[in-house]
1. Report whether or not V267 is more than 21 Å from F345 (Cβ to Cβ), away from the ligand (no atom under 16 Å from the Cβ) and surrounded by 20 or more Cβ atoms within 10 Å (Cβ to Cβ).
2. Take the conditions touching a residue at least 60 places away in the same chain (Cβ under 8 Å), out of contact with any His (no Cβ under 9 Å at 6 or more places or on another chain) and of a type in the set (D, E) and apply them to E471. Does it pass?
3. Which one of G380, G388, G375 is on the phi > 0 side of the Ramachandran plot and either among the charged types (D, E, K, R) or surrounded by fewer than 24 Cβ atoms within 10 Å (Cβ to Cβ) (or both)?
4. Spot the failing condition for F166; the list is (1) touching a helix residue (DSSP H, G or I) at 6+ places or on another chain (Cβ under 7 Å); (2) under 22 Å from L465 (Cβ atoms), and only one is missed.
5. For the range 340-425, give me every one of the helices (runs of 4 or more DSSP H) that falls completely inside it and has 1 or more residues that are touching a residue at least 40 places away in the same chain (Cβ under 8 Å) and polar (S, T, N, Q).
6. Looking only at residues in the range 485-509 that are β-branched (V, I, T) and under 14 Å from A122 (Cα atoms), which one is nearest to the chain's Cα centre (by Cα)?
7. So which of D366, D469 ends up being more than 20 Å from S319 (Cβ to Cβ), within 16 Å of the ligand (Cβ to nearest atom) and modelled with pLDDT of 95 or more?
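The values are calculated or read from the model by the stated rules, or taken from the named source; none is laboratory data. Computed from a prediction, not measured in an experiment: that's the story for all the values here. For neighbour counting, all protein chains shown are included, and Cβ atoms are generated from backbone atoms with ideal geometry for every residue, glycine included.
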Amino acid sequence: MRDVAFFIEAAGKKAGEKDFFALKEQVKTIPEIYPASLHQYEKSFLFLVKEKAAKKLIVTGDSSLFRELEGKEQSTSDVCFKECPLSADNSKIIRQYFPFTRPVPLSKYKTTIGLGDRLGVASPGHIRLLKHKNIRPVLAQQSKRELALTGRSFRGVLSDAVWAVFQEDYREGFGADGDHLKTKEDIKEALAEGYTMITLDCSEHIHDLKPTDKGEIERIYQAFPQEKKRALEAYFLRRKFTLKSGESLSFTPDDLRYNVAIYQSAVDFTVAVFHELIAPRSGEVDFEVSIDETTASTHPLGHFFVAAQLMEAGVKVDSMAPRFCGEFQKGVDYRGNKEQFTREFREHQRIAEHFGYKLSIHSGSDKFSVFPIIGRESKGVFHLKTAGTNWLEAVRVIIRTVPELYRRIHAFALTRLEEAKKYYHISADPAAVPPVSSLTDEELTTLLDKDDARQIIHITYGEILQAQDAEGNYLFRDDIYRCLLVNENLYFQFLHDHIGRHLEKLGVT
Ligand code: ZN
């Protein structure tokens, strides 16, 4: 750390443009400082330093920024500097002074990817991979469920992304997605924290019905006011809708009743949410509509039914997440008929193109066998969401570097599987996972190549991160963070390879 002290001295004594370039050269030789994190504001220099237990921000030179940042003021014989925690409050100040660290809407970019970072330490690795590629990342992306399971908040998640962007000097723009939000309160909270994308989860307003549920369909349909039914019938029946691609769609009276029963409440809810909360921030917030949390896949006619009404009501949709056919289970490859997937994806794509938005693919990580289809059929216009797979790569780092910690985590995860299955649908069979006591450390490193083990660790993250002993000490959380900080370059390498393989198959260059 002596080098760091010297560097602080050097930075504290300098203050000009030329000095910045000299420091920029000098900083490259100090392993504890992130070289791209060196920034200047008037007479102040700022940079991030990695210590054993945490990262911190150092700021030198008197300026309004120096005075505003919260931290411990220190001085040597020659210079005065501040050591600041990477807190949410400090990240807000950084956002004011360095506009490139503010999240932005990303709808104008063709290809975007959500890189949910459950631990808040993966984003620098993601940025290093994506820099200068034809894709933009949503770095802050957590659902309410994920926030609850990890014990984090919208504020903290965005703050971690901002620090990563500052650390890596990433100036190409990133998004912040309040993911799978179901209520106006949650949306208001995410917007107030500066989120630039809202994914509205309509699942509580969707009736998950099959065409054979005749009685239920009729009951729900009839419950709508007469006037509403007349308007829907006038709009959808006895006409042909021709998409820009030339294909046409039409509704029989049965089709209409069926889709009204499934989606009409969700449509009305979406229209209300949009006009109240999103429209006033027109151009500042991307709006995604998710209708994917159903057991049956979304029929293209249903997709069109929803989209057509949203457009008629003046809702500007930036992306839509239908439920695709087959299974998109967490953290494993696509399961289903690829021919059928190709056919249906193409139909959904035509509808999305017709209305001018992107398809959004949820639980999008690890779907290597259908990535080429998605890339080709969408012509590169899509949003893909990943999250848990980044956590799995973190666990790989633990296995590789502290196998004993992983063995404890694994044993614990098996005891909490039933609890975690309440939140996540997976088909993993714990009996198919070999007892880790029978595996050598070397054999352990390939354990997460198997779907059953992947899924078990994938969904138990909340239990693992929050587990405490009788005195209230975390069983694993602190050890996990320490391990990932010490071995962060290995983690970034794993992310680079794994997410890089996603981009390659999707045709992103
Ligand atoms: Zn979803």
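1. yes
2. The answer is no for E471.
3. None of the other options fit; the residue is G380.
4. Going through (1) touching a helix residue (DSSP H, G or I) at 6+ places or on another chain (Cβ under 7 Å); (2) under 22 Å from L465 (Cβ atoms) one by one, F166 breaks only (2).
5. Counting at least 1 such residues, we get 388-401.
6. Within the range 485-509, the match that is nearest to the chain's Cα centre (by Cα) is I499.
7. Being more than 20 Å from S319 (Cβ to Cβ), within 16 Å of the ligand (Cβ to nearest atom) and modelled with pLDDT of 95 or more holds for just one of D366, D469, which is D366.
Residues are listed down the side, and each one gets a yes or a no for (1) among the charged types (D, E, K, R); (2) touching a strand residue (DSSP E or B) at 6+ places or on another chain (Cβ under 9 Å):
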{"residue": "S290", "(1), (2)": "no, yes"}
{"residue": "T294", "(1), (2)": "no, no"}
{"residue": "V306", "(1), (2)": "no, yes"}
{"residue": "D318", "(1), (2)": "yes, yes"}
{"residue": "D333", "(1), (2)": "yes, no"}
{"residue": "H362", "(1), (2)": "no, yes"}
{"residue": "R376", "(1), (2)": "yes, no"}
{"residue": "V381", "(1), (2)": "no, yes"}
